[in-house]
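See structure below.
The values are calculated or read from the model by the stated rules, or taken from the named source; none is laboratory data. This structure is a prediction, so every number in the text was calculated from the model and none was measured. In this analysis, Cβ positions are derived from the backbone assuming ideal geometry, glycine residues included, and neighbour counts consider all displayed protein chains. Accessible surface areas use protein heavy atoms only, side chains included; no ligands, DNA or RNA. Shrake-Rupley method; radii C 1.70, N 1.55, O 1.52, S 1.80 Å.
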Amino acid sequence: MNQIDLKGRVAVVTGGAQGIGYAISQRLLQSGASVVMWDIDAEKLNEAQASLSSFGKISGYVVELTSDDDVSLVTAKSITDSGQIDILVNNAGITGGNATTWDLDPGIWRRVIEVNLIAPYLTCRAVAPHMLKRGWGRIINVASVAGKEGNPNASHYSASKAGLIALTKSLAKEVATRGVLVNAVAPAVARTAMFAQMTEAHIGYMLGKIPMGRFVEVEEIAAMIAWLSSEDCSFTTGSVFDITGG
């Protein structure tokens, strides 16, 4: 593992208790950062804190990320308890299953938008002013290649990730001269618990589009996010980094 220096930094990772978020939390800890996980699943959060504690300072809060009040409260508590937030990784997301646009339930469509797009807006809204006041920050949004390509039978997920890419670019331009960099990663699919929300046909479709012929590893996504969180990333903002195997 190449070493990224994040010593003295405090990172918030949403959806950090499992899957990609867990790998991100581990990599940031291994790079010297303190990590605060925000997650909706209290049981998974406790398990993740216990298993990651050997890597560094880890804490966690149960939060409904689509609630403005919850996000505001947990931001204030995290700053009070940790002293600062230097890095925000908006990783939490859901797929909402697979169906044609006309067969998708409107309630599911709205929930995917809420979790994948509204929630990152709320966390950025809460955390960015703190970063701007300190004159330094890194925000990394976990989008998807689906947000660039538009996957069939996943219009809700694709639209949410396209919106997240646009949010990344807009916010990056708003803070570009104030020490805060905002970027996104757009991975191909990784084999995580989210597979349970997808049909086998959709999983096969996504694998068939990857020239390398395999799914991305969560550790590969975490490695790129570690660099984007660091001081070495100093002149890159408003960018979307593909992790797609070609």
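For the reader, a short list of remarks on this structure follows.
- Charge dipole of region 181-246 about the Cα centre (unit charges at C-beta), most positive-ward option of Ser230, Gly245, Ile203: Ile203
- The alpha-carbon of Lys161 sits under 17 angstrom from the alpha-carbons of these aspartates and glutamates, leaving out residues fewer than 8 places away in its chain: Glu114, Glu149, Asp242.
- A crude spin-label estimate for the pair Lys148 and Glu47, with each label 7 Å from Cα along the Cβ direction, gives 3.3 nm.
- Considering only Trp102, Trp227, Trp38, the Gaussian network model of the chain with Cα springs below 10 Å gives its largest mean-square fluctuation to Trp102.
- For the pair region 137-153 / region 1-28, the C-alpha centres are spaced 19 Å from each other.
- Taking the centroid of alpha carbons for each part, region 90-111 and region 220-246 are 27 Å apart.
- Using θ = phi - 60° and Karplus 6.51 cos²θ - 1.76 cosθ + 1.60, couplings along region 73-87 (whole Hz; Gly, Pro as x): 5, 6, 5, 4, 5, 5, 5, 5, 6, 9, x, 5, 10, 9, 10
- Cα gyration tensor category, rounded, prolate or oblate, for the chain with a/c compared to 1.5: rounded
- With 0.36 nm allotted per residue and the present C-alpha distance subtracted, the Phe235-Met1 stretch has 81.9 nm of extension available.
- Fully extending the segment from Asp242 to Ile108, taken as 0.36 nm per residue of separation minus the present Cα-Cα distance, adds 45.5 nm.
- Cα centre as origin, Lys/Arg/Asp/Glu Cβ charges: region 175-237 dipole, Debye: 220
- Using only alpha-carbon positions in region 185-246, the gyration tensor eigenvalues give semi-axes of 26, 12, 9 Å once each is multiplied by 5 and square-rooted (largest first).
- Dipole of region 133-180, positive direction: furthest Cα of Pro152, Ala166, Gly137, with charges on the beta-carbon: Gly137
- Summarising the amide proton neighbourhood of Thr244: residues at separation of 5 or more, or on other chains, whose placed amide H is nearer than 5 Å comprise Ala188.
- Taking label points 7 Å from Cα along the Cα-to-Cβ direction, Ser54 and Thr101 give a separation of 5.0 nm.
- Cα-projected label distance for Lys133 with Gln197, points at 7 Å along beta-carbon direction, nm: 3.3
- Dipole of region 6-100, positive direction: furthest Cα of Val63, Ile94, Gln26, with charges on the beta-carbon: Gln26
- Vicinal HN-Hα couplings computed from phi for region 7-14 (Karplus, 6.51 cos²θ - 1.76 cosθ + 1.60; Hz; Gly/Pro x): 4, x, 8, 10, 10, 9, 10, 7
- Lys, Arg +1 and Asp, Glu -1 on Cβ, resulting dipole of the chain about Cα centre, debye, nearest 20: 620
- GNM top mover of Ser78, Ser54, Ser25 - the chain, alpha-carbon springs below 10 Å: Ser54
- Within straight-line cross-link reach of Lys7, lysines at Cα separation under 29 Å, skipping those fewer than 8 residues along the same chain: Lys44, Lys57, Lys77, Lys133, Lys169, Lys173
- Of the whole protein surface, Phe55 contributes about 80 Å² of accessible area at a 1.4 Å probe radius.
- Label zone at Glu174 (point 7 Å along Cα-to-Cβ), backbone N below 20 Å, region 67-100: 67-76, 85-92
- Global geometry of region 109-246, whether rounded, prolate or oblate, following the gyration tensor of its Cα atoms and the 1.5 cut on a/c: prolate
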